[in-house]
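This report concerns only the one structure given below.
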Amino acid sequence: MKILVCISVVPDTTTKITFTENNTKFNEVGVQFIINPYDELALTKALEIAEANNGTVTAIHVGPANNDANLRKALAIGANDAVRIDKTAADAQDVAQEIAYYAKAENFDIILTGRESIDYNSGQVCGLIGALLNIPSINVVTKCEFNGNIASLERDIDGGREQITVKTPFVASAQKDLVVPRIPNMRGITAARTKPLIVLAATYDAILSIHQKYELPLPKASVKMIPAENAEELIRLLREEAKII
Amino acid sequence: MSVLVYIEVNNGEIKKSSLEASSYAASVAASLSKKCVAVILQSANNVEASLGKYGVEEIYQAQISGSLNPALYADAISEAAKESAANIVIISNTYTGKAISPRLAVKMDASICSNVLDLPTSTAPFMVKKGVFSGKAFAFVSLEKENKIIALTPNSIDLTIVNRTPIMKALQLPESQESSYEVSGQQLQTGAIPLTEAELVVSGGRGMKGPENWNLIEDLAKTLNAATACSKPVSDMEWRPHSEHVGQTGITIKPNLYIAIGISGAIQHLAGVSSSKVICVINKDSEAPFFKAADYGIVGDALEILPKLIAAAKLLS
């Protein structure tokens with residue numbers, strides 16, 4: 001079973017977000033970059049499936065060379081090999097097109113992504129790859145079990161859950177309950193140094209969207225404090241002042 | 001030419017998020033002198049009246065039988081776009097919308113922007129505001145292709161009443177492709193309000209001291225007709241299900257009211273809720289960072305404050 005896992009590299013969750021160049025560019029100075037947390041779930045699930053089905057796991061990333069350290073981390077966690085498409089992607093469609101182009105020639109049985117990346121929050125890559133490769137796509141997956149080439153999945157739907165069966169090949173995106181993410185151990189870290197990490201040139205250059213400018217939320221006006229002994233007052237204020245209940 | 005909106009149905013009712021998407025579509029259509037057209041693929045009550053109210057002029061209706069396969073929905077919506085000569089499609093950024101919209105973008109060879117929070121800031125170039133860094137910032141994104149898809153986050157825009165009488169049309173569904181995709185079961189929470197679409201949210205953190213005290217959160221939520229949520233530690237300790245976890249690695253919400261009880265307000269949590277219109281914070285630590293992001297605050301023990309709030313809310317309702 002051949003599995004492809006899509007890795008996005010994102011600022012650490014504790015990052016204070018700022019912008020440079022007149023608010024047109026994310027300020028990367030002093031920022032620690034990590035594997036997108038949802039992609040770590042996808043990677044761990046891929047390893048579990050590969051271990052149970054005598055499969056292999058390839059990690060793919062679309063990004064510049066300074067993200068190689070995080071691809072090495074994916075190898076240390078257990079991926080067999082890694083591919084980096086050398087490109088600073090413009091948006092989710094850009095990423096998905098590059099991955100789909102690579103995947104088309106390789107005939108993967110399963111492609112896994114995270115539910116969304118925690119930087120640009122598009123949540124589109126799974127469905128885009130599915131449509132580009134004309135295979136089923138299942139997003140926000142919380143369970144995934146195999147019986148031969150038939151997978152039984154569970155996914156979040158708005159206000160509930162849904163069970164799906166699908167045959168390989170398909171693409172799915174990982175949601176929090178799917179698995180507990182693995183962390184690299186010493187043996188893995190040593191092994192990762194000699195595992196293959198291939199760098200490929202980008203294929204597409206058409207522009208579909210442009211992030212023109214960024215903005216930070218306006219700071220809140222000062223908080224109105226209510227003494228604990230008059231806590232009921234909060235309910236009155238929400239009705240009469242804020243007018244929202 | 002027209003602007004097309006995709007209408008989601010839940011238990012035979014048009015979802016509020018789809019009414020918002022309709023209102024959005026009507027507004028974009030008006031600013032571009034185009035027609036506002038809707039497509040609905042399941043049966044629902046009061047389709048004509050509820051969509052006409054928010055400015056829809058024409059409704060394409062069809063019923064997809066069998067599995068709720070996103071690929072089939074994308075094909076059907078694309079067909080409706082072709083029929084109505086639509087080059088802009090508005091779809092809700094719900095789990096369903098997120099399953100369908102990327103496939104629709106490929107089908108229509110369109111630019112897509114998801115997590116959109118407001119009406120376009122300009123139509124030439126066509127530019128929209130989207131949430132990025134999980135609520136920590138916004139981006140203004142221009143969609144460069146002729147065809148465009150906007151996935152609108154629920155609770156982002158106010159409904160504008162226009163009151164039109166839409167024309168109903170039958171949509172001829174395209175021939176469905178072979179697919180191994182099959183929905184084998186579905187469980188919808190009945191009674192509870194889906195967190196992503198809730199207008200009011202009551203949320204608890206470690207300050208609740210244990211899952212046995214959650215009846216207080218639920219009581220307040222029920223009295224206010226609100227959804228319940230929790231912080232990351234609470235879901236990590238399995239006091240509450242992961243589906244209730246709001247924050248950077250949980251879900252991002254933007255209700256009208258967010259009441260945070262016993263949550264200190266770590267940067268990752270704030271990211272998920274900072275777009276809420278009004279934030280109330282109840283915490284025993286007066287130095288809790290959440291107070292800086294709050295509109296109303298009470299310093300005190302969650303378990304002592306909550307019964308007072310419940311009693312006061314019950315008096316109102």
(message) Give me log10 I(q)/I(0) at q = 0.18, 0.19 Å⁻¹ for the range A:142-245, Debye formula, one equal scatterer per alpha-carbon, no solvent.
(response) -1.07, -1.08
(request) Given the peptides B:287-300, A:167-180, arrange them by the average over their residues of other C-beta atoms within 10 Å, most packed first. (result) A:167-180, B:287-300
(message) Given points 7 Å out from each Cα along the Cα-Cβ axis, report the B:Ser180 to A:Glu106 separation in nanometres with one decimal.
(response) 1.9 nm
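Take peptide A:126-135, look around each residue's Cβ out to 10 angstrom, count Cβ atoms belonging to other protein chains, and average those counts. Numbers along the way, then the final one.
Numbers: counts 4, 13, 6, 2, 8, 9, 4, 1, 5, 4.
That average works out to 6.
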(request) Report Rg/Rh for the protein assembly as shown, rounded to two decimals, where Rg is the Cα radius of gyration and Rh the Kirkwood radius. (result) 0.96
(message) Inside 10 Å of the C-beta atoms of B:177-183, what's the mean count of C-beta atoms belonging to other chains?
(response) 6
(message) Please list, ordered by chain and number, the residues whose modelled amide H lies under 5 Å from the amide H of A:Asn27; skip anything fewer than 5 residues away on the same chain.
(response) A:Thr18, A:Phe19, A:Thr20
(request) Could you grab the Rg to Rh ratio for the range A:1-117? Cα atoms only, Kirkwood for Rh. (result) 1.00
(request) List every residue whose amide H lies under 5 Å from the amide H of B:Ser176, counting only residues 5 or more places away in sequence or on a different chain, with H placed 1.01 Å from N in the peptide plane. (result) none
(request) Quickly work out the A:Glu229-to-A:Asp205 label distance, labels modelled 7 Å from Cα along the C-beta direction, and quote it in nm with one decimal. (result) 7.4 nm
(message) Please report the carbon-and-sulfur percent of the accessible area for the range A:96-245; probe 1.4 Å, protein heavy atoms only, DNA, RNA and ligands left out.
(response) 55 percent
(request) Please turn the phi angles of the range A:198-207 into ³J(HN,Hα) values with the Karplus equation 6.51 cos²θ - 1.76 cosθ + 1.60 (θ = phi - 60°), one per residue in order, whole Hz, x for glycine and proline. (result) 9, 10, 10, 6, 6, 9, 9, 9, 5, 9
(message) Please compute the alpha carbon radius of gyration of the range B:1-87, then divide it by the globular-protein estimate 2.2 N^0.38 Å. Two decimals is fine.
(response) 1.02
(request) Provide the net charge surrounding B:Ser17, with neighbours chosen by a C-beta distance below 9 Å and charges set as Lys +1, Arg +1, Asp -1, Glu -1. (result) -2
(message) Angle check, please: helix B:16-31 long axis (alpha carbons) against the longest principal axis of chain B (alpha carbons), in degrees 0 to 90, nearest 10.
(response) 50 degrees
(message) Debye calculation, C-alpha points only, no solvent: report log10 I(q)/I(0) for chain A at q = 0.11 Å⁻¹, in the same order as the q values.
(response) -0.64
(request) Note down the accessible area of B:Cys36, probe 1.4 Å, to the nearest 10 Å². (result) 0 Å²
(request) Compute the normalised compactness of chain B: alpha-carbon radius of gyration over 2.2 N^0.38 Å, N being the residue count. (result) 1.07
(request) May I have the pair-distance distribution P(r) for the range B:177-317, computed from all Cα-Cα distances with 10 Å bins from 0 and rounded to whole percent? (result) 12, 43, 31, 7, 4, 2, 0
(request) Sticking with the crude label model, points 7 Å out along Cα→Cβ, report the distance from B:Glu13 to B:Gln172 in nm, one decimal please. (result) 3.6 nm
(message) Explain nothing, just compute: Karplus ³J(HN,Hα) = 6.51 cos²θ - 1.76 cosθ + 1.60, θ = phi - 60°, for every residue of the range B:103-120 in order, whole Hz, x for Gly and Pro.
(response) 5, 5, 4, 5, 4, 8, 6, 10, 7, 10, 10, 10, 6, 7, 10, 7, 4, x
(message) Quick check for me: using +1 on Lys/Arg Cβ and -1 on Asp/Glu Cβ, what's the dipole size of chain B about its Cα centre, in debye to the nearest 20?
(response) 600 debye
(request) Determine ³J(HN,Hα), in whole Hz, for all residues of the range B:127-138 in sequence, where each value follows from phi through the Karplus function 6.51 cos²θ - 1.76 cosθ + 1.60 and θ = phi - 60°; x replaces Gly and Pro. (result) 10, 10, 9, 10, x, 10, 6, 6, x, 7, 7, 10
(request) Let me know the Rg and Dmax you get for the range B:95-204 when you use only its Cα atoms, in Å. (result) 17.7, 49
(message) Report the rotationally averaged projected area of the range B:243-317 based on its alpha-carbon convex hull, in square nanometres.
(response) 5.2 nm²
(request) Report, to the nearest 10°, how far helix B:302-316 tilts away from the longest principal axis of the Cα atoms in chain B, using its own Cα long axis and a range of 0 to 90°. (result) 60 degrees
(message) I'd like the projected area of the range B:65-156, averaged over all directions, using the convex hull of its alpha carbons. Report it in nm² with one decimal.
(response) 6.3 nm²
(request) May I ask you to give the percent of accessible area on the range B:267-317 that is carbon plus sulfur, with a probe radius of 1.4 Å? (result) 59 percent
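The values are calculated or read from the model by the stated rules, or taken from the named source; none is laboratory data. Source: prediction; values computed, not measured. Backbone-built Cβ (ideal geometry, glycine too); neighbour counts: all protein chains shown. Heads up: the accessible areas ignore ligands, DNA and RNA and are worked out on the full protein's heavy atoms, side chains in. Shrake-Rupley method; radii C 1.70, N 1.55, O 1.52, S 1.80 Å.
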